[in-house]
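Enquirer: Mind looking over this structure? Questions follow.
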Amino acid sequence: TYLLLGHSFLAGVCLLVARVSGLSFDFVVKLPAIISDLGLALLLRSTPGGGDRAALIYMANPLTVLLSAYHGQLHTVALVGAVFALWLADRNRFIVGGLVLALAASVRQHYAALIVPLVRSAGAPRIATLLAFVGALALLNAPLLGRANPDRVLQPISNYGLWGWTMLFKHGPRVLALAGLGGVEAVLASVNTVLETHGSWLYWLWVAGFAVWVWRHPEGSRWRAALLFVLGIYAVSTGFGVQRLLWALPFWLIVNMREAMTYSLLGGAYLIASYWQWGLNTKYGVGSLTANLHLLTPADLVGVFFVGTLGFVTWAYCTRAAWRLARG
């Protein structure tokens, strides 16, 4: 597995419930995300900078509705855990917040980095908060970490070239080939191979940079730090899954609601367009649509270009916001 055991546990419980109840697994597996959305909305209502408006925007958001009720992703369970941990820290319950963050990281290990702003602002219970987090995370995942290849969880699987700057490296040459400018793909082949194989190191470099940033800005908000971390992940990612689009939303609603709404429009449009594009693989009977652009009708080709442009613009918006947060 490329994920820690919290993810497997949730999926396993959903499978067990589906078998015992006779309900469809496709239905049951979406319930944790939907319930988490409701809980997250309640947390937003009682968080300074959030309130009823933030909760309403979150619940009515295309990212929220599609990724939970339609796509059915356990990312939301990890996200509500991360938000709850910061919510607890706002109430000076740092040790409990560390335990909750360990649960969230057990579903999506990326959130483990948020222990840095949590510990940085904890004051007296700083060591206890860190020990609670590390101890709970190690205990919960001991069966996995004691098995072969535990290093896989340090390189979470992703889809190279489906997001941001790596789109230009992987798919740019294919677009140029359609215009009669071939040969570029061969030049970039080695670059793409290196990025696809070792791109996870960019995550670790960002985690290190984020930790340094947090420690040098003790006066900074934990919510602002969390948003910066997620946007930094978006910025450096060599691969991507549209499920990650939800990660930034609650933090952004608290830090800057107006920017969050713009992001929702961009990300929501990209998500919906991506669903349309995925259907083209079946239509054309190919495993990789972008590797067979020459088969597409002119209308579908324009549509695929539009989806790619939406993805790149969304990435650029997030990257610009991350840069402004880091500098501010």
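Read-outs: derived from the displayed coordinates by stated rules, not from any lab. What you see is a predicted model; the values in this text were computed from it and never measured. Here the Cβ is made from the backbone with ideal geometry for all residues, glycine too, and neighbour counts use every protein chain on show.
Enquirer: For region 26-162, what are the per-bin percents of Cα-Cα distances with bins 10 Å wide, up to the bin holding the maximum?
Expert: P(r) for region 26-162, in whole percents per bin: 12, 35, 35, 17, 1.
Enquirer: Another question, if that's okay. Counting each DSSP H run of 4 or more residues in the chain as -39500 (n - 2.57), what helix-only mean residue ellipticity at 222 nm follows after dividing by all residues, to the nearest 500 deg cm²/dmol?
Expert: Rounded to the nearest 500, it is -22000 deg cm²/dmol.
Enquirer: Here is a follow-up. Please work out the C-alpha center-to-center distance from region 258-292 to region 91-161 and express it in whole Å.
Expert: With region 258-292 and region 91-161 each reduced to a Cα centre, they are spaced 32 Å.
Enquirer: Can you run phi through the Karplus equation (6.51, -1.76, 1.60; θ = phi - 60°) for region 283-291 and list ³J(HN,Hα) in whole Hz, with x for Gly and Pro?
Expert: Listing the rounded values in order: 4, 9, x, 10, x, 10, 5, 5, 7 Hz.
Enquirer: Follow-up question, since we're still on this one. Kirkwood hydrodynamic radius, computed over distinct alpha-carbon pairs, for the chain: how many Å, to one decimal?
Expert: Over the chain, the inverse of the mean reciprocal pair distance is 20.9 Å.
Enquirer: Using +1 at the C-beta of Lys and Arg and -1 at the C-beta of Asp and Glu, which of LEU42, SER68, ASN159 has the Cα lying farthest in the positive direction of the dipole of the chain?
Expert: Highest projection toward the positive end goes to LEU42.
Enquirer: Right, something else. Please check which bits of region 217-241 a label hung off LEU154 would reach, taking the label as a point 7 Å along Cα-to-C-beta and the cut-off as backbone N under 18 Å.
Expert: So the set is empty, nothing qualifies.
Enquirer: Would you mind classifying region 244-285 by shape? Square roots of the alpha carbon gyration tensor eigenvalues, ordered a ≥ b ≥ c; an a/c under 1.5 is rounded, otherwise it is prolate if a/b is larger than b/c and oblate if not.
Expert: Prolate is the answer for region 244-285, as a/c is 1.5 or above and a/b outweighs b/c.
Enquirer: Read phi for every residue in region 86-97 and hand back ³J(HN,Hα) as whole Hz from Karplus 6.51 cos²θ - 1.76 cosθ + 1.60, θ = phi - 60°, with x for Gly and Pro.
Expert: My calculation for region 86-97 gives 5, 4, 5, 5, 4, 9, 6, 9, 5, 5, 4, x Hz in order.
Enquirer: Tell me the Kirkwood radius of region 1-60: reciprocal of the mean inverse pair distance over distinct alpha-carbon atoms, in Å. Each step should come with its number before you reach the end.
Expert: Details: mean 1/r = 0.0756 Å⁻¹.
For region 1-60, inverting the mean 1/r across all distinct Cα pairs yields 13.2 Å.
Enquirer: So if I place +1 on the C-beta of Lys and Arg and -1 on the C-beta of Asp and Glu, and nothing else carries charge, what would the dipole magnitude of region 1-139 be about its Cα centre? I want it in debye, nearest 20.
Expert: Dipole magnitude for region 1-139 comes out near 240 debye.
Enquirer: Could you give the length gained by full extension between ALA316 and LEU176, i.e. 0.36 nm per residue of separation minus their alpha carbon distance, to one decimal place?
Expert: Extra length from ALA316 to LEU176 when fully extended: 48.2 nm.
Enquirer: If packing is taken as the average count of other Cβ atoms within 10 Å, what order do 287-300, 246-259 fall into, highest mean first?
Expert: Top to bottom by mean Cβ count within 10 Å: 246-259, 287-300.
Enquirer: Next question. With +1 on the Cβ of every Lys and Arg and -1 on the Cβ of every Asp and Glu, and nothing else charged, how large is the dipole of the chain about its Cα centre, in debye rounded to the nearest 20?
Expert: Values: 22 positive and 10 negative charges, 125 e Å.
About 600 debye.
Enquirer: Using only C-alpha positions, report the orientation-averaged shadow area of the convex hull of region 200-307, nm², one decimal.
Expert: So the Cα hull casts an average projection of 8.2 nm².
Enquirer: Further question on the same structure: Using each residue's phi in region 317-328, evaluate 6.51 cos²θ - 1.76 cosθ + 1.60 at θ = phi - 60° and report the 3J(HN,Hα) Karplus result to the nearest Hz, with x for Gly and Pro.
Expert: In residue order, the calculated couplings are 5, 5, 5, 4, 5, 4, 5, 5, 5, 5, 6, x Hz.
Enquirer: Rounded to the nearest 20 Debye, what is the dipole magnitude of region 89-237 about its Cα centre when Lys and Arg each give +1 and Asp and Glu each give -1 at the C-beta?
Expert: 400
Enquirer: On full extension of the chain, what length is gained from ARG91 through LEU42, given 0.36 nm per residue of separation minus the C-alpha to C-alpha distance?
Expert: 16.1 nm
Enquirer: Moving to a separate point now. What's the ranking of 21-29, 100-108, 231-239, 317-325 by average number of surrounding C-beta atoms within 10 Å, highest first? It would help to have the intermediate numbers written out before the result.
Expert: Working: 21-29: 12.9, 100-108: 25.3, 231-239: 22.4, 317-325: 18.1.
By packing density, highest mean first, the sequence is 100-108, 231-239, 317-325, 21-29.
Enquirer: Using a 10 Å cut-off on Cβ atoms, rank the peptides 206-215, 178-187 from the highest mean neighbour count down. Provide the component values of the computation, followed by the final result.
Expert: Numbers: 206-215: 15.9, 178-187: 10.4.
Sorting 206-215, 178-187 by mean packing, highest first, produces 206-215, 178-187.
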